[in-house]
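Written below as structure tokens is the structure these notes are about.
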Amino acid sequence: MKTAALCLGLALLAPALHAADSGAGMREFLASRTARDQQVARQIWEWAEVGYQETRSSALLQQELAKAGFSIEAGIAGIPTAFVATAGRGEPVIGILAEFDALPGINQDAVPQRSPIAGKGAGHACGHHLFGTASVSAGIAIADWLKRSNTPGTLRVYGTPAEEGGSGKVYMVRAGLFNDVDAVLHWHASDVNFAGVDKALANKSAKFRFRGLSAHASGAPEKGRSALDGVEAMNLMANMMREHIPSDARMHYVITSGGSAPNVVPDFAEVYYYVRHADAPMVESIFDRLVKVSEGAALGTGTTVDHEIIGGTHNLLANEALARMMNQQLNEVGGFAYSPDEQAFAEKIYATLISPSVPLDSHSVVQAFDFERPGLGSTDVGDVSWTVPTVGLRTATWVPGTPAHSWQATAAGGMSIGFKGMNVASQTLALTGKELFLRPDILARARAEFDERRGPDFRYRALLGDRAPALDYRKGVPGGN
């Protein structure tokens, strides 16, 4: 951490440095990168590589950073597609997160009607192609400014794979890669421009694997023990269990293997579960009960069961000091306008949405600051936020009202609407990063708030335990290998 003398010295220098660069130069620099950023984002959109298999996407982002003079350390934390890119020198140390994995099964062309692309098994329905590209571009802009202004400080861009259920950042946190960082910035694709505080739920996931005995389902059913019966019994009991867990908890599942033919008693079946709640200990308690449910299902069906923890993430730890500062930067950047073609595209998408929650013109404005905005998703950014003061924003890369993980999100993310929202994100990240390098007082307030919210007795523990990265969790599914 910084010494008191360094903090005082930077605080005294801050006004002069602000005068030397009000942010206009950084925004002009990013404007010069617009065409290249669109090319990079579109290429990653087309590849649509799923978690831990993002070989080309990761390499492309690393190439952009290396060309800009960053030093690259790849294959970190036991993950081939993870990387840390570093520029600058000394303190403070500011990190920017960059995601780039796609979702299996949500395949869509960049057109305003349902139109899957033949032969493609995955899609960027959560906008991580935009996420990674904007974060890298913002990092390059900050590094350029650090060098031009001779400002002390180190910038790191973290290439973070497999956010979608793979918990890539958790392994990076566990490896100590954020231990010396003063603040971390991130963002996410969305349907509005917002830089308050989004909540996120803690999450623990696992694949439950049942094994039985195969037999002819008609000729000798008494000789078989159906692994699929085990899965179905587990699901039935889990659905009954919902009545007896907190009402704000979430459990959901998908049967990933259920047999191959109706006339063969399945000797193997698998179901993939998520458990979520705002409180990490509650997630662990519910998950432990779910394990007991699986054991009961196996006992009742004459099968056996084991489970593999796939992911586990903490809830997001809010930081109001950082959020208010980032909100100021987002308001400086502002929203954006649609061209006539984009407006027509957006109107067609909007007509397909069920009860859109915001007006169609929400892309042009910044949402009011809110420190208590609810959130029911989960993200491995949560584990970062319990390790270092962390702040993020969302920008309208999708047509307003569009939900994440939808074909409509994939469509808008592959064309100019997504690219314009991405540019708002890169500008806001860059301006926020610059502000943190110039304002040690903000970093000090953020650290004090962080320490208070964590509490003096907090000790970080990964919800996924000590398991190695689940590098094959997407193999065998659409979009995987």
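The values are calculated or read from the model by the stated rules, or taken from the named source; none is laboratory data. Everything numeric here is computed off the predicted structure, so don't read it as measured data. A quick note on method: Cβ atoms are made from the backbone with ideal geometry, for glycine too, and the neighbour counts reach across all protein chains shown.
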Taking into account only those residues within the stretch 350-364 that are in a loop (DSSP other than H, G, I, E, B) and buried (at least 17 other Cβ atoms within 10 Å of the Cβ), which is modelled with the highest pLDDT?
-> L353
Every residue from the stretch 192-243 that is basic (K, R) and either assigned to a helix (DSSP H, G or I) or touching a Pro at 6+ places or on another chain (Cβ under 9 Å) (or both) | K199, K223, R242
Which one of these is in a strand (DSSP E or B), of a type in the set (K, R) and either farther than 22 Å from G212 by Cβ or out of contact with any helix residue (DSSP H, G or I) (no Cβ under 6 Å at 6 or more places or on another chain) (or both): R289, R276, R324?
-> R276
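Can you name every residue in the stretch 404-421 that is of a type in the set (S, T, N, Q) and either assigned to a helix (DSSP H, G or I) or crowded, with 24+ Cβ neighbours inside 10 Å (or both)? Working first, answer last.
In the first step, residues of the stretch 404-421 are kept if they are of a type in the set (S, T, N, Q); the result is 406, 408, 410, 416.
Across the stretch 404-421, the qualifying residues are Q408, T410, S416.
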Leading residue by the ranking (farthest from E163 (Cα to Cα)) among those in the stretch 80-138 that are in a loop (DSSP other than H, G, I, E, B) and among the β-branched types (V, I, T) | V111
Q53 passes all but one of (1) in a loop (DSSP other than H, G, I, E, B); (2) of a type in the set (S, T, N, Q); (3) under 28 Å from A344 (Cβ atoms); which number fails?
-> (3)
Within the stretch 85-141, which residues are of a type in the set (D, E, K, R), under 16 Å from A409 (Cβ atoms) and modelled with pLDDT of 95 or more?
-> E99, D101, D109, R114
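Is the stretch 305-325 home to any residue that is surrounded by 15 or more Cβ atoms within 10 Å (Cβ to Cβ), more than 16 Å from V197 (Cα to Cα), over 23 Å from the mean Cα position of the chain (by Cα) and not aromatic (F, W, Y)? Give the derivation first.
Residues of the stretch 305-325 surrounded by 15 or more Cβ atoms within 10 Å (Cβ to Cβ): 305, 307, 309-325.
So of that shortlist, the ones also more than 16 Å from V197 (Cα to Cα) come out as 305, 307, 309-313.
If we keep only those that are over 23 Å from the mean Cα position of the chain (by Cα) as well, we get 305, 307.
Imposing the further condition that a residue be not aromatic (F, W, Y) reduces the set to 305, 307.
Looking for residues that are surrounded by 15 or more Cβ atoms within 10 Å (Cβ to Cβ), more than 16 Å from V197 (Cα to Cα), over 23 Å from the mean Cα position of the chain (by Cα) and not aromatic (F, W, Y), one finds at least one in the stretch 305-325, hence yes.
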